[in-house]
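Novice: Okay, handing you the structure first.
The values are calculated or read from the model by the stated rules, or taken from the named source; none is laboratory data. Model, not experiment: these values are computed from the prediction. Reconstructed Cβ throughout: ideal geometry from the backbone, glycine too, with neighbour counts over all protein chains shown. Ligands, DNA and RNA are excluded from the accessible area calculation, which covers all protein heavy atoms including side chains. Shrake-Rupley method; radii C 1.70, N 1.55, O 1.52, S 1.80 Å.
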There are 2 protein chains.
Amino acid sequence: MRTSIATVSLSGSLTEKLTAASRAGFDGVEIFENDLLASPLTPEEIRARCADLGLTIDLYQPMRDIEAVPEAEFARNLRRARHKFELMRRLGTDTVLVCSSVSPLAEDDDTLAAAQLSQLADLAQEFGVRVAYEALAWGRHVSTYEHAWRIVETADHPALGTCLDSFHILSRSSDPEDLKGIADIPGEKIFYLQLADAPLLAMDVLQWSRHYRCFPGQGGFDVAGLVRHVLSTGYDGPLSLEVFNDVFRQAEAGPTAIDAHRSLLVLQEAVGVLEPPAPVVPTGIAFAELVTPDAEPVSALLGALGFARTARHRTKPVDLWQQGEARILVNTGPALRRDGTALAAIGLESPDPEGAARRAEALLAPVLPRRRTLEDAPLDAVAAPDGTELFFCARTTPELPGWHADFTDAAAQLPAGTGVQRIDHLALTQPWHHFDEATLFHRSVLGLQAQESVDVADPYGLLRSRAVTTPDGSVRIALSVGAAPSEDGAHAQHIALATEDVVTAARGFRKSGGQLLRMPANYYDDLAARFAFTEDELATYQDLGILYDRDAGGEFRHCYTRTVGRVFFELVQRDGDYRGYGAQNAPVRLAAQHTAKGLTGG
Amino acid sequence: MRTSIATVSLSGSLTEKLTAASRAGFDGVEIFENDLLASPLTPEEIRARCADLGLTIDLYQPMRDIEAVPEAEFARNLRRARHKFELMRRLGTDTVLVCSSVSPLAEDDDTLAAAQLSQLADLAQEFGVRVAYEALAWGRHVSTYEHAWRIVETADHPALGTCLDSFHILSRSSDPEDLKGIADIPGEKIFYLQLADAPLLAMDVLQWSRHYRCFPGQGGFDVAGLVRHVLSTGYDGPLSLEVFNDVFRQAEAGPTAIDAHRSLLVLQEAVGVLEPPAPVVPTGIAFAELVTPDAEPVSALLGALGFARTARHRTKPVDLWQQGEARILVNTGPALRRDGTALAAIGLESPDPEGAARRAEALLAPVLPRRRTLEDAPLDAVAAPDGTELFFCARTTPELPGWHADFTDAAAQLPAGTGVQRIDHLALTQPWHHFDEATLFHRSVLGLQAQESVDVADPYGLLRSRAVTTPDGSVRIALSVGAAPSEDGAHAQHIALATEDVVTAARGFRKSGGQLLRMPANYYDDLAARFAFTEDELATYQDLGILYDRDAGGEFRHCYTRTVGRVFFELVQRDGDYRGYGAQNAPVRLAAQHTAKGLTGG
């Protein structure tokens, strides 16, 4: 289907918005009136710019407070409308959005509304314009799509149809029953379809609408369900995004437009009108790759954690450190991002790396140049929204992943290790503006599932955190973001290592010279109040800085190393079917990290 | 009355919070459990730190999900409580907050709740602790203060009382009738009083409570009305602030604590238990002072605007530019803030400068060193939250303000001018984190009145704007803030100059070589659709970049100069009783400023 986006959904000047929409692959745009008013381009120049960019202008919007008003007021409204229809002719667009009135002058009189909308449509017809009448969720008398359609049906005018908006419909009711009336509308009378998702918030609907809309799949609405109803009518207009969002208003238009277009591709797949390459769900974490200007601190940390340097890349300054199924690459070569030590790439074990890459590309993930030399195995890679490189790795045999062939064995003696079995999860702080995008990306491109998002109190601000995982937990990535951009920037990333016995692992780490993050005594006093630990157990946990959590499924014990650059490690022990990440303990851990930072002056 | 603040209201580590509370003049604190858990200090050390800082620990909080549960669960709760009472003994605090249960285990059984709370109070008594039972607005069975009090009354235990919280009470009902039940509670059974304000939002009360609370006077609640009811009972405990706010969590603790304490001083004045020096409402803007590293661009702009350099300061590199009653000081001497050209100070004409300064100091405004030399007139000054210096100036005669004596007459010939009569308003962008504080500051310290806040769409983000004024409009200051901190920073400030005829003023400005900000043709096309202007009128407005607005009271015409540093000028013509600032036109103006910036490469 054709895709479109309202200019109000993107940030910047009108020309920035148009350029971003075109580059992201949209077929058309809705021109939001205020964007036109603020533009130095004439309507003819805007029309030409759109044509150059391969964009149609699918809608001009909005006209407000038109219908069901006293005659003198309606005469003024028609005068205003004539100006706008003339403008639309210059713009070369043929559909105008008319929102149901919120004016105190509007009367609760459907017959009057239909008669005046019919007069408006008469005038519109002279200019070759169609009027799409939409019920605002907070319209004074008309606030449901059924009501708007009844008025359109009564008017029975060829230039008058209805516009359906997923926000206005789904914000009033999430009951699928309430969508069935859509099937009663002839598809050719649905002149337009505007789509937005939104988180499920219990708040004033006007504020909700103006500040918190998001792209389909980023919120809690069943937008796909609604679109299926609309398509069943024979509607063949564009799928168009109209999103008012405080965050998007500040974000760069380019990435937002790509994010927006991806949401429509995923939506079309969900409703069965588009068939991108199928998702290839990863089966494990092949490796995590750190880039660092100085391998020494990271190597010391990995050594103490019981990792051995088992191989070196044939052609690049990259070492492989390994313990059990946990593999960490340490890259001291030139890298894109060199703000100290950082987690730059993740290898995902994939049953079909090429298929995974094809899907990623179809869903607009930036494809990275393959890492390969003459002897290298080819590795398909794409960039996640935070810039992390994601490699899709074959697993030719359980013991020897395909990417492993790039490495020569190093001379290292395999040490005893500390019992680390594999990477439990990766935790990545997302740049502000890109949190909802990151979740949708990981879900749609990688086929991961998103868990509930949780708020975590850092001493210097609130963090929002959300995990994306495979159903079996073989891949777990915890995404987080601050409540607002901060200079300090909680930009930490961490690698959590799974053990069967965190006490043994922590002791082994410390014995090898590793330093564990100390947790405050008050925390253990509180544990004693909440749970029936023996004194010995608690003393051990306190000595090692081990934190404890439980949920309905099981238990979680975890502790932390110091931070190198942006990166630190966590040792975790999951027992039973514990599903979380110790979020309950995050405020204490974050405070301890701030304290440690203060103490070491870094 | 004694003042207190919950540590959760401030940002940072526990010791940072305590230090900030002490410096701001609070008598005590509530220790929020998570702050204690995350602190490396032992309870004894926290107690000692508080004593050193002159702070009492007035409350430990919260204990949750205690009452009206099955016997086995209650036994576990008592075990947990014993731990916490022991902890409180070490802390040296004697009151604990118990919130009404939200547990799914809790039963709707007041008799059981009273019996179990009574048992809890028995245990508390052994430790010298009092239990303050509070109804959470979203409590499972107990959600009103009357209900919590009935249970406390039934239990009839000397160590059990109630805690009243303005958020939990006023978020449920703003009807003064609903507060009358407070008078039925004996004051000695009100063990604690927690205060928070909040903006009037229609949203889920739990989210509202956790993210949007603010200090009394910064929101929409009648907190003073509630406090009057509480004081009528004979309550003599502290007034304590418990505020959960996403912005405060990120802001520096020091300024937030001062802001918080000021809110309690103003509150005590409102309920008649404190009498700071009375407000001295300013009667006009004596001057606006620009600091600049290079006087040339500003002088050129002022010259073209029809100002004349009429005087020079006796001892400082400060020029006075004047036209009508509008006076602009241009300061090229060393200044605190030198990020290019900026509005650094405002002179407020005051009927009692010393009284105004005394009130400002009593309300914790930072008092600045007086500007004076041997020959200077003394000028009392304080700093506003955004760092702007506010001078209180006597007006000895209408023609010759007191501060004017510092200046010698310059040789300038008075030019004809462009008809500027006075400063209409000053518009100041506030640093993020300080918007609510700024409004309360200007209201309470300067005695100005706050108008409604409005949202304004900038192409690169949303701005919130709120004006503070005298009733007669002689002083108008428009405060604004971005939706989030941005690197770009919409840090502009502007000086709006009142004229009786903006067309003449704009023409005069241009004739003298001034450049007016061009507005897009589309804007004038829209004006033609909305209003019945003649073509000539519209052509004139378009030629000069004049914008138009009207409200119920009158009309507003305004246009803009280019920006120097952070500062630009606006020429305005108010007709009738127009009360606004042309906010309707701000998006177009902001977009035009972005375009102009792009064109000139700056």
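Novice: Using only Cα atoms and rounding to the nearest 10 degrees, what angle (0 to 90) does helix A:521-530 make with the longest principal axis of chain A?
Specialist: Compared with the principal axis, the helix lies near 70 degrees.
Novice: By DSSP, what percent of the beta bridges with both residues in the range A:11-160 are antiparallel, rounded to the nearest 5? List each step's numbers first, then the result.
Specialist: Values: 0 of 13 bridges.
Looking only at bridges with both residues in the range A:11-160, the antiparallel portion is about 0 percent.
Novice: Of all the stretches in chain B, which is the longest one without any exposed loop site, taking GluC sites (Glu not before Pro) in a DSSP loop (any state but H, G, I, E, B) with at most 11 other Cβ atoms within 10 Å?
Specialist: So the longest stretch without any such site is B:1-374.
Novice: Filter the trypsin sites (Lys or Arg not before Pro) in the range B:176-239 to those in DSSP coil with at most 12 other Cβ atoms within 10 Å of their Cβ, and list the result. Don't jump to the answer; show the numbers that get you there.
Specialist: Details: sites: B:Lys180, B:Lys189, B:Arg210, B:Arg213, B:Arg228; in loops: B:Arg213.
Sites meeting the loop and neighbour criteria: none at all.
Novice: Between rounded, prolate and oblate, where does the range B:3-271 land on the alpha carbon gyration tensor, with a ≥ b ≥ c its root eigenvalues, rounded for a/c under 1.5, else prolate if a/b exceeds b/c?
Specialist: Oblate, since a/c reaches 1.5 and b/c is not below a/b.
Novice: Taking +1 at the Cβ of each Lys and Arg and -1 at the Cβ of each Asp and Glu, which of B:Ala51, B:Phe221, B:Leu571 sits farthest along the dipole of chain B towards its positive end, judged by Cα position relative to the Cα centre?
Specialist: Of the listed residues, the answer is B:Leu571.
Novice: Along the charge dipole of chain A, pointing to its positive end and built from +1/-1 on Cβ of Lys, Arg, Asp and Glu, which listed residue (A:Pro459, A:Leu517, A:Ile477) has its Cα farthest out?
Specialist: A:Leu517
Novice: Where does helix A:145-155 land angle-wise versus the long Cα axis of chain A, in degrees 0 to 90, nearest 10?
Specialist: Orientation of helix A:145-155: about 20 degrees from the principal axis.
Novice: Here's something else I'd like to know. Please report the base-10 log of the normalised intensity I(q)/I(0) for the protein assembly as shown, using a Debye sum with one equal scatterer per alpha carbon and no solvent, at each q in 0.05, 0.07, 0.10 (1/Å).
Specialist: Once normalised to I(0) and log-transformed, intensities are -0.41, -0.83, -1.48.
Novice: Over all directions, the average projected area of the alpha-carbon convex hull for the range A:12-147 comes to how many nm²? Write down the numbers at each step before the final one.
Specialist: Details: hull surface 34.5 nm².
Quarter of the Cα hull surface area: 8.6 nm².
Novice: From the phi angles alone, apply the Karplus equation (6.51, -1.76, 1.60; θ = phi - 60°) to the range B:128-134 and give each ³J(HN,Hα) in whole Hz, x where the residue is Gly or Pro.
Specialist: For the range B:128-134, the Karplus curve yields x, 10, 10, 9, 9, 8, 10 Hz.
Novice: When Lys and Arg each count +1 and Asp and Glu each count -1, what net charge do the other residues less than 14 Å away from A:Ala450, Cβ to Cβ, add up to?
Specialist: Taking every other residue near A:Ala450 into account, the sum is +1.
Novice: Residues of the protein assembly as shown: accessible area per residue at 1.4 Å, in Å²? Don't skip to the end; give the middle numbers.
Specialist: Numbers: 46170 Å² over 1204 residues.
Here the per-residue accessible area is 38 Å².
Novice: Have a look at B:Leu193, B:Ala357, B:Leu170 and report the one farthest towards the positive end of the charge dipole of the protein assembly as shown, computed about the Cα centre with Cβ charges (Lys/Arg +1, Asp/Glu -1).
Specialist: Going by the charge dipole, the pick is B:Ala357.
Novice: While we're on this one: Based on the alpha carbons, how large is the Rg to Rh ratio for the range B:284-600 when Rh follows Kirkwood?
Specialist: Taking Rg over the Kirkwood Rh, I get 0.95.
Novice: Please compute, for the alpha-carbon atoms of chain B, the extent along each of the three principal axes and give them in descending order in Å.
Specialist: That works out to 88, 62, 42 Å along the principal axes.
Novice: With the cut-off at 26 Å, tell me which of the pairs A:Lys17/A:Lys84; A:Lys316/A:Lys511; B:Lys17/B:Lys189; A:Lys84/A:Lys189 have Cα atoms farther apart than that.
Specialist: Going by Cα-Cα distance, A:Lys316/A:Lys511; B:Lys17/B:Lys189 fall outside the 26 Å limit.
Novice: Also, I was wondering about something else. Work out the length of the dipole vector of the range B:181-233 about its Cα centre, built from +1 on the beta-carbon of each Lys and Arg and -1 on the beta-carbon of each Asp and Glu, and round it to the nearest 20 debye.
Specialist: For this selection, approximately 100 debye.
Novice: So who's got an amide H within less than 5 Å of the one on B:Leu379, skipping anything under 5 residues away but keeping other chains? H placed 1.01 Å off N, in plane.
Specialist: B:Arg371
Novice: Express as a percent, rounded to the nearest 5, the fraction of DSSP beta bridges in the protein assembly as shown (both residues included) that run antiparallel.
Specialist: 60 percent
Novice: Nearest beta-carbon of B to the rotation axis carrying it onto A: which residue, how many whole Å?
Specialist: Per the Cβ-to-axis criterion, the result reads B:Met203, 2.
Novice: So what's the gap between the Cα centers of the range B:100-149 and the range A:413-464, to the nearest angstrom?
Specialist: Using only Cα atoms to place each centre, the spacing works out to 39 Å.
Novice: Counting only other chains, and only Cβ atoms inside 10 Å, what mean value do you get across the residues of A:451-461? Numbers along the way, then the final one.
Specialist: Values: counts 0, 0, 0, 0, 4, 0, 8, 3, 13, 9, 7.
Mean shielding by partner chains, rounded to a whole number: 4.
Novice: Which ³J(HN,Hα) values, rounded to whole Hz and listed in residue order, are derived for the range A:189-202 from phi using the Karplus coefficients 6.51, -1.76 and 1.60 in 6.51 cos²θ - 1.76 cosθ + 1.60 with θ = phi - 60°, glycine and proline given as x?
Specialist: 8, 8, 7, 6, 9, 9, 10, 8, 9, 6, x, 7, 10, 8
Novice: Something else about it: Count the DSSP beta bridges whose two residues both fall in the range A:237-369, then state the antiparallel fraction as a percent rounded to the nearest 5. Don't skip to the answer; put the middle values down first.
Specialist: Working: 17 of 21 bridges.
Percent antiparallel among DSSP bridges in the range A:237-369 is about 80.
Novice: At a temperature of 4 °C and a viscosity of 1.567 mPa s, determine how fast the range B:519-602 diffuses translationally according to Stokes-Einstein, using the Kirkwood radius over alpha-carbon pairs as Rh; express D in µm²/s, rounded to the nearest whole number.
Specialist: The Stokes-Einstein estimate is 95 µm²/s.
Novice: Still on this model: Using helices alone, what [θ] at 222 nm do you get for chain B, with -39,500 (n - 2.57) per DSSP H run of 4 or more residues, divided over all residues and rounded to the nearest 500?
Specialist: -10000 deg cm²/dmol
Novice: Right, something else. Rounded if a/c is under 1.5, else prolate if a/b is larger than b/c, else oblate: which is the range A:233-285, with a ≥ b ≥ c the root eigenvalues of its Cα gyration tensor?
Specialist: Note, shape of the range A:233-285 comes out oblate.
Novice: As I understand it, the value is the acute angle between the Cα axis of helix A:435-444 and the longest principal axis of the Cα atoms of chain A; what does it come to in degrees, rounded to 10?
Specialist: Computed tilt is about 80 degrees.
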